[in-house]
1. Could you check how many residues of the stretch 113-155 are in a helix (DSSP H, G or I) and β-branched (Val, Ile, Thr)?
2. Looking at the stretch 25-42, can you tell me whether even one residue there is at pLDDT 85 or above, in a helix (DSSP H, G or I) and either open to solvent by 30 Å² or more (accessible area, probe 1.4 Å) or within 21 Å of Leu96 (Cα to Cα) (or both)?
3. Just checking, which of Gln69, Gln86 is over 14 Å from Tyr202 (Cβ atoms), surrounded by fewer than 21 Cβ atoms within 10 Å (Cβ to Cβ) and more than 13 Å from the chain's Cα centre (by Cα)?
4. Please find, within the stretch 71-97, the residue that is farthest from Lys183 (Cα to Cα) out of those that are free of Cβ contacts under 8 Å to residues at least 12 places away in the same chain and of a type in the set (D, E, K, R).
5. Got a sec? Which of Leu96, Leu88 is touching a strand residue (DSSP E or B) at 6+ places or on another chain (Cβ under 7 Å) and modelled with pLDDT of 95 or more?
6. Which condition number in (1) open to solvent by 20 Å² or more (accessible area, probe 1.4 Å); (2) touching a residue at least 40 places away in the same chain (Cβ under 8 Å); (3) of a type outside the set (Val, Ile, Thr); (4) touching a strand residue (DSSP E or B) at 6+ places or on another chain (Cβ under 7 Å) is the one that Asn124 fails?
Amino acid sequence: MSKRKSAKYKLDRRMGENIWGRPNSPVNKRSYGPGQHGQRRKGKMSDFGLQLRAKQKLKGYYGDVTEKQFKRTYTEASKMKGDTGQNLIGLLEQRLDMVVYRAKFAPTIFAARQIVSHGHIYLNGVKTNIASARVRVGDVVSLGSKAKEMALVIEAQSLPEREIPDYVAPDGNDKVTFTRVPKLDEVPYPVTMEPNLVVEFYSR
């Protein structure tokens, strides 16, 4: 499992956006970047800079997945039929840790990855501890018995700032079914994501 070593919200400040929509994000108070030069006026960003920023934002949103993993997902998306950007979003939303996050079994994507890696999540009744495991349409993701009592899970289920999207169908408080692969405009991002720029970045 890859572990994010820097503070989670540094990414928010670097991007100047509250990318997870959390009420305690520092961007809500300070919209400029971190560090002593954070308040400097920034010049016009190059096309490469815009593409890189779009990639870093999307990669960061999904728990700051490693570059190797993210590029592998992009390569798979580019080989599928249809729009590569839409395919990329669909594959990222099929990650087990993201389905756990969407189901409100965890308050953050980082916490979702943690409870998966600690063996608290079952995929079709089988304990699965690989955060990047692919969830297929019709698959059932459920909480283990210990996880149902965890304060982290109870906190997540009471969070008012996000809803469970309609492509993740709940069955009680401890089980969801992944009903379909979503399109970009169906994914409840708190900020604008631009997978088309990510495609341009890797197509250079």
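1. Looking only at that region, the number is 4.
2. No: zero hits.
3. Result of the check over Gln69, Gln86: Gln86.
4. Out of the qualifying residues, it is Arg72.
5. When all the criteria are applied, what remains is Leu96.
6. Asn124 satisfies every listed condition except (2).
The values are calculated or read from the model by the stated rules, or taken from the named source; none is laboratory data. Since the model is a prediction, treat every value here as computed from it, not as a measurement. Every residue, glycine among them, receives a Cβ derived from its backbone with ideal geometry; neighbour counts consider all protein chains shown. Ligands, DNA and RNA are stripped out before the accessible areas are found, and what is left, the full protein with its side chains, is counted by its heavy atoms. Shrake-Rupley method; radii C 1.70, N 1.55, O 1.52, S 1.80 Å.
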